[in-house]
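Every number in this text was worked out from the coordinates using simple rules, so none of it is lab data. The model shown is predicted, which means the values in this text are computed figures rather than measured ones. With ideal geometry, Cβ positions are generated from the backbone for all residues, glycine too; neighbour counts draw on all protein chains shown.
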Amino acid sequence: MNDKLGFAIIGCGRISPKHVEGVINNYDQAKLVAVSDIVSEKMDKAINYFVDYIEESDELTGKIDSKQEIKKYQDYKELLEDDEIDIVTIATETGFHAEITIDALNAGKHVIVEKAIALSTEDADRMIETADQQGLKLAVCHQNRFNPTVQRLREALEEDRFGRLVHAVASIRWNRNDEYYNMDEWHGTLALDGGILMNQCIHNIDLLCWMMGDVERVTAETDTFLRDIETEDAGMAVVRFKSGAIGLIEGTVCVYPRNLEETFNIFGQQGTVRLAGIAMNEIMDWKFADGDEEEAEKMKEANYETDTVYGYGHNLLFGDMIEAVREDRKPLVDGREGKKAMELILAIYKSARTGQPIELPLGDYSTTTGVEIDE
């Protein structure tokens, strides 16, 4: 294996700068070899971001050659034939994730795929099975799991400091206006986007699944209130976990006039933790029966500032993937982990459509066929 793993980015749209940063900030282990997009100007924009990011950083000056050649492929299948590439990151529209991921795995490339892993349980299973068959790593971009604040919460859970878990609340109160949905043809579509729970809210729902464990059933309501889109723009769900605990999900992009907040709360017999901030980057409350105020203030040292809802977790997620490849272990958020939040969201959609509680695991279901099935 080379000293540095070769990365390629497929899809140079809105989220791709975080993938560029993920490679750059692991420069001792990774290098950006190529980018791919059907729109040539988007590839140029990604490469220019790579150059500007390095040249504007005193820390990176002299460590990375900002003028290095980065190959461009309009056809991602040609990119997959490039022997310099070890890991492919996929940042396309969600509806294309499964096809491109499976092609990349069959071409012998490890894969980091953006959330949501796919828009159907069948596609997610095919992606996971292909990675297993090829002996390759598949990671899903649920980068908030790597936030220092979230890691502190996870440690408290693993140490059983909460005692019996009672309930958890995931709230996403954001705004996505008509300008957002009109910027392209895929946002707000069933086939390529999947809805605001699948697109905007999935990171917080992923934390709910990771912290609270397996889901038993879900009851939900969704609707399209303000936006002229195929999917929902707001939704609420009550989740019963197999542990007996209850979860509440509130997701909306109808908040006026801009993003308000994203919060994640866990309440147990002997503990309460509340996370907030635009990227789950702040511990607001930290109270345990076996703790004190001094500990609470110390935990808040994990808080950090960010001006983006994406935070800085991609850097750590990319680093984890590099270690997983080198050490031949599972990534922290592998395909099976990445499927959990997506499957819960599909169950929410099914419950909202049928008016009935939905048991998990879900079986074969998707954002598109779910609308067409007459049960």
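Values as computed for the structure displayed
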{"item": "Theoretical gain in end-to-end length, Asn259 to Arg353 [0.36 nm per residue, Cα-Cα removed]", "result": "31.1 nm"}
{"item": "Unit Cα scatterers, Debye sum, segment 76-210: log10 I(q)/I(0) for q = 0.09, 0.15 Å⁻¹", "result": "-0.35, -0.87"}
{"item": "Furthest towards positive pole of dipole, Val238, Gly268, Leu157, structure part the chain, Cβ charges", "result": "Gly268"}
{"item": "Segment 1-121: relative contact order in percent, alpha carbon pairs under 8 Å with at least 6 residues between", "result": "29"}
{"item": "Among Val20, Ile100, Gly195 the positive-end extreme of the charge dipole of the chain (Cβ point charges)", "result": "Gly195"}
{"item": "Per-pair calculated FRET efficiency, R0 = 30 Å: Asp178 and Tyr304 via Cβ, rounded to 0.05", "result": "0.40"}
{"item": "Label point distance in nm, Arg329-Lys63, each placed 7 Å from Cα along Cα→Cβ", "result": "2.3"}
{"item": "Distribution of pairwise C-alpha distances over segment 101-144, 5 Å bins, in %", "result": "5, 27, 34, 22, 10, 2"}
{"item": "Normalised contact order of the chain, rounded percent, pairs of Cα under 8 Å and 6 or more residues apart", "result": "19"}
{"item": "Histogram of C-alpha separations across segment 268-375, 10 Å bin width, %", "result": "12, 23, 27, 29, 9, 1"}
{"item": "√(5λ) per eigenvalue of the Cα gyration tensor, the chain, largest first, Å", "result": "32, 26, 20"}
{"item": "For segment 327-366, alpha-carbon Rg and Dmax in angstrom", "result": "13.2, 47"}
{"item": "Inter-site label distance for Val166 and Glu294 at 7 Å from Cα along Cβ, in nm", "result": "2.8"}
{"item": "Segment 48-132: proportion of alpha-carbon pairs further apart than 22 angstrom, %", "result": "40"}
{"item": "Alpha carbon convex hull of segment 204-277, projected area averaged over orientations, nm²", "result": "5.9"}
{"item": "Hull-based mean projected area of segment 186-315, where the convex hull spans the alpha carbons, in square nanometres", "result": "9.8"}
{"item": "Anisotropy class of segment 161-261 from Cα gyration tensor, a/c 1.5 cut", "result": "prolate"}
{"item": "Two-site FRET efficiency, Val39 against Leu226, from Cβ-Cβ distance with R₀ of 41 Å, rounded to 0.05", "result": "0.90"}
{"item": "222 nm mean residue ellipticity, helices alone, for the chain (DSSP H n ≥ 4; -39,500 (n - 2.57); rounded to 500)", "result": "-10000 deg cm²/dmol"}
